[in-house]
1. Would you call Gly353 open to solvent by 40 Å² or more (accessible area, probe 1.4 Å) and either touching a residue at least 40 places away in the same chain (Cβ under 8 Å) or within 21 Å of the chain's Cα centre (by Cα) (or both)?
2. Can we say Leu322 is open to solvent by 30 Å² or more (accessible area, probe 1.4 Å) and either touching a Phe, Trp or Tyr at 6+ places or on another chain (Cβ under 7 Å) or without any contact (Cβ under 8 Å) to a residue 24 or more places away in the chain (or both)?
3. Could you go through segment 206-214 and let me know if any residue there is at negative phi, surrounded by fewer than 12 Cβ atoms within 10 Å (Cβ to Cβ) and of a type in the set (Lys, Arg).
4. Can you say whether Gly298 is open to solvent by less than 30 Å² (accessible area, probe 1.4 Å), out of contact with any Cys (no Cβ under 6 Å at 6 or more places or on another chain) and within 24 Å of Pro377 (Cα to Cα), as far as the supplied structure shows?
5. Given the condition modelled with pLDDT of 95 or more and within 25 Å of Val27 (Cβ to Cβ), answer yes or no: does some residue in segment 272-284 qualify?
6. Please work out which residue is farthest from Leu82 (Cα to Cα), limiting yourself to segment 388-414 and to residues that are small (Gly, Ala, Ser) and surrounded by fewer than 20 Cβ atoms within 10 Å (Cβ to Cβ).
7. Within the group Pro268, Pro291, Pro343, Pro336, which residue is part of a loop (DSSP other than H, G, I, E, B) and open to solvent by 80 Å² or more (accessible area, probe 1.4 Å)?
8. Test each condition in (1) under 30 Å from Phe373 (Cβ atoms); (2) out of contact with any Lys or Arg (no Cβ under 9 Å at 6 or more places or on another chain); (3) in a helix (DSSP H, G or I) for Lys226 and report the one that comes out false.
Amino acid sequence: MAVLKPFKAVRPVKELAGNVAELPYDVMNTEEARAIGEKNAFSFIHVDRAEIDLEKEVNPYSVKVYEKARNNLFDMIKKKILVKDNKENLYIYRQIMNGRRQTGIVGCTSIDDYQNGVIKKHEFTLESKEKDRINHVDYCNANTGPIFLTYRSQKEINEIVDKITVKEPEYNFTGEDGITHIAWVIEDQNTINRLTNLFKDVNALYIADGHHRAASAVKVGLKRRKENPNYTGEEEFNYFLSVLFPDQDLAIMDYNRVIKDLNGMELPELIEKIRENFQVEKLDNDVHYKPDEKHIFGMYVDGTWYRLKAKKGTFDEKDPVLSLDVSILQNNLIGPILGISDPRKDERIDFIGGIRGIRELEKRANSDMKLAFSMYPTTVQDLMRVADSGNVMPPKSTWFEPKLRSGLFIHELQ
């Protein structure tokens, strides 16, 4: 049983929504964030990465930054760039990218559902990254970035969403990157009640993107409970901001790998070792190879692409983790042959999101790296299967596009 709760969103006035909405804080570095902020005084990056409004020598994790984030948020509210709805609503958020659309319900989900496993995870989180967002949420007294959740599609929920999305939207704008963002407000109480009741029949919600934001939001909620020992469970800090998408709407992009060197080998020796667990086919020089099915990989080295197909016996199809292509490549090639046993920490490996394209892999392998691997994307069903088993995926298994924008919906904790 999943909890979906309406809330009084703090959100941009209609005419400024496109100016305020910004990419998540964790997809850019400080320099990139500063460049965005210098161009756009309304951008929510001034809240999510407030170090851009301080001296460059200020540590981005200092108290000054979190205080500045809070002040910037309050200033946007004071200037009525952001306004708070006067009643608890649900919302619908649609994104359109390259003709494909994904449509989710914006509401709050329960920290207890996260604790008891109704909200399922598929990644480990890093304490250092959690600490940053814990401070950010706590100082701002708000969830400023939504958690990207998915669930197994439900017919009646889809029908309700379809009826609402034929109406005039509250927001409708297209960003510089060509991605369109459309949002509707669900104010009708009967519709809100029906949706919240329907989600009680949803057995599981899955974090697609935003594991650190989710973990941080939950820890702030638990901290507030300790500070308020007489809490009832209805306070806003018991919930966190989420967008819930049906699984049928989502597509995961490939998450590719580039490697610094051949681990002391010459190319013929490397190929010979790879042949032990993979069928290897050298491709024509004009090919830019991207796999079109599971258990097949592209390998680019010295200006040439190779097609690698995993041999039987190199993986267990019944195991939700070991059957993933990222596991097959790591366990049969990157680890034992290239000597990278911990891809989380090893500086000889880097990861390239599929949004950057195959040419980016070639560019990296021809410049600062030596070897590139193109992957077939992990599926949403793979993600759910791993999460249902209680396991986690290997690092850098999924790349979701488009990214949810921050600043369109903000959830205050009290």
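1. Values: open to solvent by 40 Å² or more (accessible area, probe 1.4 Å): no; either touching a residue at least 40 places away in the same chain (Cβ under 8 Å) or within 21 Å of the chain's Cα centre (by Cα) (or both): yes.
Here the answer is no, as Gly353 does not meet what is asked.
2. Numbers: open to solvent by 30 Å² or more (accessible area, probe 1.4 Å): yes; either touching a Phe, Trp or Tyr at 6+ places or on another chain (Cβ under 7 Å) or without any contact (Cβ under 8 Å) to a residue 24 or more places away in the chain (or both): yes.
For Leu322, the condition - open to solvent by 30 Å² or more (accessible area, probe 1.4 Å) and either touching a Phe, Trp or Tyr at 6+ places or on another chain (Cβ under 7 Å) or without any contact (Cβ under 8 Å) to a residue 24 or more places away in the chain (or both) - is met.
3. The initial filter retains those residues of segment 206-214 that are at negative phi, namely 206-209, 211-214.
Now narrow it down to the ones that are surrounded by fewer than 12 Cβ atoms within 10 Å (Cβ to Cβ): none.
Looking for residues that are at negative phi, surrounded by fewer than 12 Cβ atoms within 10 Å (Cβ to Cβ) and of a type in the set (Lys, Arg), one finds none in segment 206-214, hence no.
4. Working: open to solvent by less than 30 Å² (accessible area, probe 1.4 Å): yes; out of contact with any Cys (no Cβ under 6 Å at 6 or more places or on another chain): yes; within 24 Å of Pro377 (Cα to Cα): yes.
Considered against the rule, which asks whether it is open to solvent by less than 30 Å² (accessible area, probe 1.4 Å), out of contact with any Cys (no Cβ under 6 Å at 6 or more places or on another chain) and within 24 Å of Pro377 (Cα to Cα), Gly298 comes out as yes.
5. Initially, segment 272-284 is screened for residues modelled with pLDDT of 95 or more, giving 272-283.
Still in the list and also within 25 Å of Val27 (Cβ to Cβ): none.
No, there is no match, as no residue in segment 272-284 is modelled with pLDDT of 95 or more and within 25 Å of Val27 (Cβ to Cβ).
6. So the first thing to find is which residues in segment 388-414 are small (Gly, Ala, Ser), and the list is 389-390, 397, 406-407.
Adding the requirement that they be surrounded by fewer than 20 Cβ atoms within 10 Å (Cβ to Cβ) leaves 389-390.
Working: Ser389: 41, Gly390: 40 Å.
Step by step, filter segment 388-414, then rank; the result is Ser389.
7. Numbers: Pro268 fails: part of a loop (DSSP other than H, G, I, E, B); Pro291 fails: open to solvent by 80 Å² or more (accessible area, probe 1.4 Å); Pro343 fails: open to solvent by 80 Å² or more (accessible area, probe 1.4 Å).
Only one candidate qualifies: Pro336.
8. Every condition holds for Lys226 apart from (1).
The values are calculated or read from the model by the stated rules, or taken from the named source; none is laboratory data. Because the structure is predicted, anything quoted here is derived from the model rather than measured. Positions of Cβ are generated from backbone atoms using ideal geometry, with glycine treated the same way; all protein chains shown enter the neighbour counts. Side chains are part of the model used for accessible areas, which takes the heavy atoms of the whole protein and leaves out ligands, DNA and RNA. Shrake-Rupley method; radii C 1.70, N 1.55, O 1.52, S 1.80 Å.
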